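Colleague: Here's a structure for you.
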Amino acid sequence: MEGEKAPAVEVCKGVNGLDKVVLREARDCSAEVYLYGGHVTSWKNDGEELLFVSNKAIFKPPKAIRGGIPICFPQFSNFGSLEQHGFARNKQWSIDTDPPPFPTVTSSRAFVDLILKPSEEDLKIWPNSYEFRLRVTLGPGGDLMLTSRIRNTNTEGKTFSFTFAYHTYFFVSDISEVRVEGLETLDYLDNLQERKRFTEQGDAVVFESEVDKIYLSTPAKLAILDHEKKRTFVLRKDGLPDAVVWNPWDKKAKAMADFGDDEYKHMVCVEAAAIEKPIELKPNEEWTGRLELSAVPSSYFSGHYFSGQLDPEKVLQSSSI
Ligand code: TA6
């Protein structure tokens, strides 16, 4: 089919024959999401991969895929009695052929709606009925949007609460030259110090050793600067007040079977999350959590390095979430 345009949305087989959906847009932009875990594993602009997936990732249930954007629901980390990061990333999702009307009209053609509902088995582990609808959209300019809509469908009037994160692994050239901006002066819980509460003193988050921090009540817009690539990831979020920053560094990297010893140099997790204040849903209530990622050229003030300050024009030009 020489010259025929590839479809904007294609369902096909991925690693180990797992079902995945490929989204395509102009300028060689694409995204991939596996039905296993509702898990985005690729996001490309101009054919260049922007997410990190470990070369040792195990694409085999029930192990979560190491990298991309794992969905942590109904529990972030061990903030509760369920398995680490809950079970949504370990479940088989379906394509939602009849989604309810979407709150915001999208001009994109490249999107897919997935749905996860509990099985009888699942209800034994977490006795709550819910409908979790995930829309993954690749915008015409290559932006990636994830919208989660979680509805409490309990019939006997039971309220439930959950914590949540889009556990996003960004690909970076060299972790020692990465800065995360937007978290300065905020309080965080340090996972490496019994989750004690501290206040960020730096004018950006930089990486010289393992970092595992849960920043609280963070801005709707964060920036991850990759100095070598002169590229900034702009992360916009809505309904997700917290943000987790994680790099395992060398020791933890070696301890993870599905992660290369040196791979910590080329990834950073910045995770839009709702952790400090769990989301509570009464029957028939619905929560929406949105994440929008874009990759923009970094730019620096005048001729000298102004501690990686973003050119406000460049970042503010793009629409707000
Ligand atoms: O988000 C950071 C974190 O909670 C770290 O503590 C580390 O456990 C990471 O998630 C990865 O967790 P996983 O269960 O995917 O190995």
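Colleague: At R0 = 22 Å, how high is the FRET efficiency between SER173 and ASP46 if r is their beta carbon distance? Nearest 0.05 is fine.
Modeller: Step by step, r from the Cβ atoms, then E = 0.90.
Colleague: How much of the accessible area of the chain, probe 1.4 Å, is carbon plus sulfur, in whole percent?
Modeller: Carbon and sulfur atoms account for 51 percent of the accessible area of the chain.
Colleague: Let me ask another. With a probe of 1.4 Å, find how much accessible area the chain has per residue, and write the answer as a whole number in Å².
Modeller: Normalised by residue count, the accessible surface of the chain is 45 Å².
Colleague: Rounded to the nearest 0.05, what FRET efficiency is calculated for ASP262 and VAL105 with R0 set to 56 Å and r the Cβ-Cβ distance?
Modeller: Here the calculated transfer efficiency is 0.80.
Colleague: Between ASP187 and ARG27, what length comes free when the chain is fully extended (0.36 nm per residue of separation minus the Cα-Cα distance, one decimal in nm)?
Modeller: Numbers: separation 160, 0.36 × 160 = 57.60 nm, distance 3.97 nm.
Contour length minus the Cα-Cα distance gives 53.6 nm.
Colleague: Once you order the gyration tensor axes a ≥ b ≥ c over the Cα atoms, which shape class does the stretch 203-284 get: rounded for a/c under 1.5, otherwise prolate or oblate by comparing a/b with b/c? Walk me through the numbers on the way to the answer.
Modeller: Numbers: a/c = 2.42, a/b = 1.49, b/c = 1.63.
Oblate, since a/c reaches 1.5 and b/c is not below a/b.
Colleague: Can you compute the modelled spin-label distance between GLU83 and ASN284, with each label point 7 Å from Cα toward Cβ, in nm?
Modeller: 3.4
Colleague: Could I ask something else about it? Could you derive backbone 3J(HN,Hα) for the stretch 260-271 from the dihedral phi with the Karplus parameters 6.51, -1.76 and 1.60 (θ = phi - 60°), listing whole Hz in sequence and x where the residue is Gly or Pro?
Modeller: So the Karplus estimates, Gly and Pro as x, are x, 4, 9, 5, 4, 6, 10, 8, 8, 9, 10, 10 Hz.
Colleague: Using θ = phi - 60° and the Karplus relation 6.51 cos²θ - 1.76 cosθ + 1.60, list the HN-Hα couplings for the stretch 16-31 in order, rounded to whole Hz, with x at every Gly or Pro.
Modeller: 6, x, 6, 5, 9, 10, 9, 10, 10, 9, 4, 6, 6, 9, 7, 8
Colleague: Further question: Work out from phi, with θ = phi - 60° and the Karplus expression 6.51 cos²θ - 1.76 cosθ + 1.60, the ³J(HN,Hα) of each residue of the stretch 185-198, listed in order in whole Hz, and give x for Gly and Pro.
Modeller: Residue by residue, the stretch 185-198 yields 6, 8, 7, 9, 9, 8, 5, 8, 9, 6, 6, 5, 8, 10 Hz.
Colleague: Search the structure for amide H atoms under 5 Å from the amide H of ARG179, placed 1.01 Å from N in the peptide plane, and list their residues when 5 or more places away or on another chain.
Modeller: Result for ARG179 returns LEU225, HIS227.
Colleague: How large is the translational diffusion coefficient of the chain in µm² per second when you combine the Kirkwood radius over alpha carbon pairs with Stokes-Einstein at 10 °C and 1.306 mPa s?
Modeller: Reported coefficient: 79 µm²/s.
Colleague: Taking GluC sites (Glu not before Pro) that fall in a DSSP loop and have at most 14 other Cβ atoms within 10 Å as cut points, what is the longest piece of the chain between them? Working shown, then result.
Modeller: On the way: sites that count: GLU2, GLU4, GLU83, GLU156, GLU184, GLU194, GLU208, GLU228, GLU285.
Longest stretch, sites excluded: 5-82.
Colleague: With unit charges on the beta carbon (Lys/Arg positive, Asp/Glu negative), name the residue among ASN191, LEU293, ALA223 whose Cα is farthest towards the positive pole of the charge dipole of the stretch 100-317.
Modeller: Farthest along the dipole direction, towards plus: LEU293.
Colleague: Project the alpha carbons of the stretch 53-123 onto their principal axes and report the range along each, largest first, in whole Å.
Modeller: That works out to 37, 34, 21 Å along the principal axes.
Colleague: Extending each Cα 7 Å along its Cβ direction at LYS254 and PHE198, get the distance between those two points in nm, one decimal.
Modeller: The modelled label-to-label distance comes out at 2.3 nm.
Colleague: Going by a ≥ b ≥ c, the root eigenvalues of the Cα gyration tensor, does the stretch 75-202 fall in the rounded group (a/c under 1.5), the prolate group (a/b larger than b/c) or the oblate group?
Modeller: Taking the square roots of the gyration eigenvalues as a ≥ b ≥ c, the stretch 75-202 is oblate.
Colleague: Right, another one. Can you list residues whose amide H is under 5 Å from GLY37's amide H, if they're 5+ apart or on another chain and H is modeled 1.01 Å from N?
Modeller: LYS91, GLN92, TRP93
The values are calculated or read from the model by the stated rules, or taken from the named source; none is laboratory data. Just so we're clear, the structure is a prediction, and the values are computed from it rather than from any experiment. Cβ sites come from the backbone with ideal geometry, for glycine too, and all protein chains shown count toward neighbours. Accessible surface areas use protein heavy atoms only, side chains included; no ligands, DNA or RNA. Shrake-Rupley method; radii C 1.70, N 1.55, O 1.52, S 1.80 Å.
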